[in-house]
Structures are given as C-alpha cells and as structure tokens.
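Please read the structure below before turning to the comments.
Derivation of every value follows stated rules applied to the coordinates shown; laboratory data play no part. Everything numeric here is computed off the predicted structure, so don't read it as measured data. Quick reminder, even Gly has a Cβ in these numbers, built from the backbone with ideal geometry, and neighbours come from all protein chains shown.
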Amino acid sequence: MSDSIATYGKYLDLHSTVVFGGVKINPQMLRLRQGVDVLVATPGRLMDLYNQNAVKFSQLEVFILDEADRMLDMGFIRDIKKIISVLPKQRQNLLFSATFSADIRALAKGLVHNPLEISVNPENSTAEKVTQWLTPVDKKRKPTVLTHLIKENAWKQVLVFTKTKHGANKLTKYLEAEGLTAAAIHGNKSQGARTKALASFKDGRVQILVATDIAARGIDIDLLPNVVNFDLPNVPEDYVHRIGRTARAGNTGQAVSLVCADELNLLWDIEHVIQQHIDRKMLENFIPVNALGESRAIRPIKAKKPQKVKVGGQGKVDHKDGQRPAAKRTGVNNSKPKRAKGKPAVANGQRNKAS
C-alpha cells in the first residue's frame with residue numbers, strides 16, 4: 001500500500017509513511033515528526049504511537065479501512081473502535097473489500113453514518129483472466145503432486161496456500177528437499193523474516209512462497225503467474241482473495257487447487273460462492289484411491305437477513321494464520337458525507353501547507 005502511494009504520488013507534493021508492528025518503533029516516530037499527508041498503519045502499532053503522543057489526528061480528513069471484512073472479523077474491532085473514538089467527528093470513512101456478507105455489512109454500517117455502498121464488480125466474483133482448475137488427489141500425495149506440477153510445467157514463480165503455519169513450514173522443508181527453492185510466510189514469522197521472504201520471492205531468488213491466509217490480502221506481485229491452493233480454505237470467500245493474487249491489472253494467470261475427498265464440502269461452498277464449477281483435470285500417474293465426489297448444481301445465492309452483531313464485542317479468531325470459522329464474512333465500502341476543513345497532516349510536526 002505504501003509503495004503504491006509513493007508510485008502514484010511521485011509527482012505530487014505529498015508525503016507518506018507506513019508504520020506496523022514487529023519492528024522498532026523509534027524510527028517510525030522519527031519519520032512521523034516530519035509530518036505526513038498519508039499514513040498507512042496497522043491498528044495495534046497506530047494505537048501504540050498515539051498513546052506515546054507520536055501521532056495526532058486533529059487535522060485528519062479521511063479514515064480508510066482496507067480489507068475491511070478481515071479487519072472487522074478477526075478481532076480487530078476493539079482496536080478499530082478505539083481509533084475511531086479519538087478521530088475528529090467530522091471526517092470521511094471509506095471501507096474497501098473484495099468480498100461481502102450480510103453480517104459484516106451490518107457491522108460496518110454500525111460504525112459509520114448514512115453510508116453509501118458502491119459495488120464495482122459482482123459480489124465475490126473472480127478475475128476473468130484467471131484460469132481456474134483443480135486436480136483430485138489423495139491427501140498424503142499432495143506434496144508429491146505439487147512437486148510434479150512445478151517441475152513438469154517448469155513453473156518459475158508459484159504462490160502456494162496452506163491452512164496452517166505448521167503445514168506451511170512442513171511443505172517448505174519438503175520442497176527444499178526436492179531441490180526447489182522455497183520460503184514460508186505466516187503469523188509466527190517476524191516482520192523482518194516476512195519482508196525478506198517476500199523480497200526474495202519477488203526478485204526470483206525464491207521460486208515458491210508458501211503462505212497462510214495472512215498473506216492472501218497483502219501480497220501484490222506484478223505478473224505472478226501461478227497460485228496453488230494446497231489446502232482449500234475454510235471460508236469460501238477466502239478462495240476469491242487467494243486466487244486474486246494472480247491475473248492482476250489485466251494480466252493473465254492460473255489458479256490450481258489440489259483437492260482431496262475430505263474437502264468436497266469446501267469445494268461445494270466455493271463453487272456456490274463464485275457461482276461456477278471449477279474445471280477438473282485428472283493427473284495420469286496420481287489417480288486418487290479415495291475418489292473426489294461430483295460437484296453440485298449451482299444454485300443462485302439467496303440474500304440473507306443479516307444477524308444482529310454486537311459492535312463492542314471482539315471477533316473470534318481460530319488461527320493467527322488468518323483462517324476463519326466456516327461462515328460467510330465480508331466487508332463494505334461506506335463513507336460519511338461530511339469532511340473536516342483542516343489540513344490533511346496526521347502526525348506530530350504537521351506539515352504546514354495547503355491541502
């Protein structure tokens with residue numbers, strides 16, 4: 001996000017910075033003292049900086065929640081409410097997400113006044129230029145099948161999703177033992193380790209990046225050709241976010257899923273959410289002993305009445321990886337109509353210039 005702001009604002013008199021946990025806070029405080037127009041932050045580190053009087057919001061005009069469904073759904077609601085409580089009352093709120101559900105829409109609308117919702121694409125739709133297919137495979141043979149696909153097709157850059165941190169580490173070691181370069185990225189990795197792994201993947205030093213869903217929303221790689229679902233996600237909407245890492249900005253890409261018989265219900269849920277059947281391809285030397293059942297007929301998605309959600313409560317988190325309970329959860333794009341008249345700076349050492 002910070003890199004994109006720097007790129008698109010290259011010729012603008014606009015100062016921005018990014019702050020997040022897992023690294024030393026003092027360098028971030030020093031940057032904030034110079035004043036910024038745009039601050040990109042994680043909720044926890046932002047509150048740390050606010051509590052240390054390193055950032056002030058008196059001149060804030062716009063408050064944005066990116067990946068709003070995950071923010072509101074994964075236990076961040078208390079931090080978000082604390083942040084909102086110290087912001088100017090007159091401001092614009094924007095909430096962005098690629099997926100939507102009635103529960104999260106109701107929760108989001110409880111945080112803003114008279115919101116306007118704008119849907120750019122059909123709900124939970126996948127990119128048109130992503131070629132999606134799956135191969136039925138026995139669970140124990142998934143590592144072997146993945147290795148076969150990578151070597152047989154000479155894939156140079158592959159993003160692989162697993163359900164758990166342990167699974168990501170185990171698969172990474174297996175791939176390395178097979179002579180492939182791989183790195184894991186998940187919630188137990190330090191920020192420095194994540195940054196290093198992602199940088200190595202982007203510049204080609206690492207061929208395979210094995211990730212949990214914590215990475216599904218944050219990885220932005222130009223021309224990423226291959227995404228593999230080693231495990232299907234518990235929540236069908238997360239499938240949309242995973243495969244959305246490829247075929248970005250009008251480019252093409254493919255998303256491959258290794259599906260065992262135990263994941264049939266997850267497959268049904270995914271196909272129902274994306275409103276299409278995923279093509280199946282049998283691999284000649286890997287015919288599963290436990291056959292994968294047939295897909296169900298695609299039924300239209302019926303609008304559900306949103307449940308009452310207590311905004312003051314803390315969201316339930318099953319895994320720090322970002323895996324959520326199997327229930328539909330998403331977000332909404334809203335805004336307040338009123339805007340503050342102040343300058344856009346948000347930190348101590350506010351920049352004294354016209355907005």
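For this structure, a couple of remarks:
- The coefficient of translational diffusion for the stretch 127-236, derived via Stokes-Einstein from the alpha carbon Kirkwood radius under 20 °C and 1.002 mPa s, stands at 150 µm²/s.
- The calculated FRET efficiency for the pair Asp222 and Ala106, based on their C-beta separation and a Förster distance of 30 Å, comes to about 0.25.
- Simple label model, 7 Å out from Cα along Cβ direction - Lys24 to Ala154, nm: 4.6 nm
- Considering only alpha-carbon pairs that sit under 8 angstrom and 6 or more positions apart, the relative contact order computed for the stretch 130-286 is 34 percent.
- FRET efficiency estimate (nearest 0.05) - Cβ-Cβ, Leu14 to Asn290, R0 56 angstrom: 0.50
- Extension gain from Lys139 to Gln52, taking 0.36 nm per residue of separation minus the Cα-Cα distance: 26.4 nm
- Cβ-based charge dipole, the stretch 9-74, positive-most Cα from Leu60, Gly21, Gly9: Gly21
- Phi angles across the stretch 55-60 convert, under the Karplus curve 6.51 cos²θ - 1.76 cosθ + 1.60 with θ = phi - 60°, into 3J(HN,Hα) values of 9, 10, 10, 4, 10, 5 Hz, Gly and Pro given as x.
- Under 10 Å, Cβ to Cβ, from Cys260 - net charge with Lys/Arg +1 and Asp/Glu -1: 0
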